[in-house]
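First up is the structure itself, then whatever we jot down about it.
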Amino acid sequence: MKFFIDTANLKDIKEANDLGILDGVTTNPSLMAKEGITGAENILAHYVKICELVDGDVSAEVIATDFEGMVAEGEKLAALHPQIVVKLPMIKDGVKACKYFASKGIRTNVTLVFSAGQALLAAKAGATYVSPFIGRLDDISTDGMALIEEIRLIYDNYGYETEILAASVRHVMHIINCAKIGADVITGPLSAIEGLLKHPLTDIGLATFLADFKKGNS
Ligand code: E4P
């Protein structure tokens, strides 16, 4: 299972990368704005900085919502760095743009996916990744994890190679359940990834080992 971090914060990206378990980064326009990255040139430069920090795929989202605009923007993003994956919204022109990029060998991540039907369309259009948003479904009292299960079943039925990138991951149990179901990738904040480290018995056990060592060696 691949771990992506879902942020545009360079410090968090570096911290996850230093742990040695990071496979890539996802960003979106809200995450870029949160870091105060504004203006076309600054945004493009920030994507390059992220690519230089991490050895893995970096999703960069288009802002255009029409086919021609998405193609122009996506081609510019893809030309920035070989690690860039063009992130496209799950709308009609996004599906068309996905098919176009697939035919050109440009990798894509179809985002804002909330149903199995949308995921099926993304796979048929040749998406590299599909991003179902678990947390946002949970937020509206829907079972986000059930969507991951449905997509896994559908993709396995037909051998689609599109990778299931479970997005809007908020906590450790999202990651564990995705791993059980067989999501190919999860993307979440540093807190969810680092949450995997924690267990009170580990802390108690280590404190005891160190205290016992100190007793015997003082
Ligand atoms: C996916 O690529 C999105 O950037 C992200 O996972 C959305 O997460 P959120 O619902 O926590 O904003």
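The values are calculated or read from the model by the stated rules, or taken from the named source; none is laboratory data. What you see is a predicted model, and the numbers here were worked out from it, not measured in a lab. For neighbour counting, all protein chains shown are included, and Cβ atoms are generated from backbone atoms with ideal geometry for every residue, glycine included.
Just a few scattered comments:
- Scanning the stretch 67-87 finds no residues that are part of a loop (DSSP other than H, G, I, E, B) and among the β-branched types (Val, Ile, Thr).
- Residues in the stretch 129-149 that are surrounded by fewer than 18 Cβ atoms within 10 Å (Cβ to Cβ) and not in a helix (DSSP H, G or I) were compared, and the one that is nearest to the ligand (Cβ to nearest atom) is 140.
- Considering each residue of the stretch 151-168 in turn, none proves to be touching a residue at least 40 places away in the same chain (Cβ under 8 Å) and in contact with a His (Cβ under 8 Å, 6 or more places away or on another chain).
- Residue match in the stretch 100-109 (condition: under 27 Å from residue 11 (Cβ atoms) and surrounded by 15 or more Cβ atoms within 10 Å (Cβ to Cβ)): yes
- In the stretch 15-38, the condition of being part of a loop (DSSP other than H, G, I, E, B), more than 13 Å from residue 194 (Cβ to Cβ) and among the hydroxyl-bearing types (Ser, Thr, Tyr) is met by at least one residue.
- Pairs with Cβ under 8 Å, 6+ apart, first in the stretch 101-112 and closer than 17 Å to residue 131 by Cα and modelled with pLDDT of 95 or more, second of a type in the set (Val, Ile, Thr) and within 10 Å of the ligand (Cβ to nearest atom): 109/26
- Subset of the stretch 178-202 that is in a loop (DSSP other than H, G, I, E, B) and closer than 21 Å to residue 129 by Cα - its residue that is nearest to the ligand (Cβ to nearest atom): 189
- Residues in the stretch 105-118 that are in contact with a helix residue (DSSP H, G or I) (Cβ under 8 Å, 6 or more places away or on another chain) and within 14 Å of the ligand (Cβ to nearest atom): 108, 110, 113, 114.
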